[in-house]
Amino acid sequence: MQSTKTMSREEWLAERRKGIGGSDAAAILGMNPYRSPLAVYMDKLGLAPEIPDNEAIRQGRDLEQYVADRFCEATGKKVRRVNRILQHPEYPWMLANIDRDVVGEDAGLECKTTSPYNKTPFDQGDVPAPYYWQCQHYMAVTGAKSWYLAILVHGKAFHTFEISRNDEHINFLIEKCRSFWFDNVLAG
């Protein structure tokens, strides 16, 4: 797909509306406490107001490189930016705007920042459902065998996880997203 390097934010958002992205996956499955399937539907049809840039969104975007750097420092791995929106080879409505590729591995990296008030027990290996399904979505689109997740808990902790590809979950996700896209979004 087209490079995102020179796209304006408006152009980038318009491209994301042309399919189901990783950040839509958990919402479509009803597993995102902050976003509903209706919100995704409204966004894809351009019926909802754009979510305004707030401090949490801005910090997540601004700290993405820092999180990627910390991941490299913690793991010894190298990553590179992917400045384009990827499409599934068989299901072109499945899109992925991944944070990083992991060099020399069949894997990618998702960078997250969260509040110290987030109650997820990351230190016990727990990953929030929206993060898990986003990574499975990216593995579906790219064919990767695993996806790394790096989470910066502001002022408190830094966690890394490796999420293995789960084809049963991916098939479930593809079917739910296909139905959502064709039976709801395209059907209006």
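The values are calculated or read from the model by the stated rules, or taken from the named source; none is laboratory data. Keep in mind that what you see is a predicted model, and the values were worked out from it rather than measured. FYI the Cβ positions are ideal-geometry reconstructions off the backbone, even for glycines, and counts take in every protein chain you see. All accessible areas refer to the heavy atoms of the entire protein, side chains included, with ligands and DNA or RNA removed. Shrake-Rupley method; radii C 1.70, N 1.55, O 1.52, S 1.80 Å.
Here are a few things to note about the model shown:
- Odd one out for residue 117 among (1) surrounded by 15 or more Cβ atoms within 10 Å (Cβ to Cβ); (2) of a type in the set (Phe, Trp, Tyr); (3) modelled with pLDDT under 95: (1)
- Considering (1) part of a strand (DSSP E or B); (2) over 16 Å from the mean Cα position of the chain (by Cα), the lone condition that residue 71 does not fulfil carries the number (1).
So that you can scan it fast, the table gives a plain yes or no per residue for (1) within 13 Å of residue 158 (Cα to Cα); (2) hydroxyl-bearing (Ser, Thr, Tyr):
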site	(1), (2)
50	no, no
54	no, no
62	no, no
66	yes, yes
74	yes, no
79	no, no
83	no, no
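- Yes/no for residue 126 being under 18 Å from the mean Cα position of the chain (by Cα) and without any contact (Cβ under 8 Å) to a residue 12 or more places away in the chain: yes
- Residues in region 133-147 that are out of contact with any helix residue (DSSP H, G or I) (no Cβ under 7 Å at 6 or more places or on another chain) and either closer than 17 Å to residue 113 by Cβ or buried (at least 24 other Cβ atoms within 10 Å of the Cβ) (or both): 135, 141.
- Criterion (surrounded by fewer than 16 Cβ atoms within 10 Å (Cβ to Cβ), under 17 Å from the mean Cα position of the chain (by Cα) and small (Gly, Ala, Ser)) met by exactly one of 46, 30: 30
- Residue that is most open to solvent (accessible area, probe 1.4 Å) [pool: residues in region 49-80 that are modelled with pLDDT under 95 and among the basic types (Lys, Arg)]: 58
- Inclusion of residue 168 among residues that are of a type outside the set (Val, Ile, Thr), in contact with a strand residue (DSSP E or B) (Cβ under 6 Å, 6 or more places away or on another chain), surrounded by fewer than 16 Cβ atoms within 10 Å (Cβ to Cβ) and modelled with pLDDT of 95 or more is not warranted.
- Summed over region 38-56, residues that are of a type outside the set (Val, Ile, Thr) and outside any loop (DSSP other than H, G, I, E, B) total 8.
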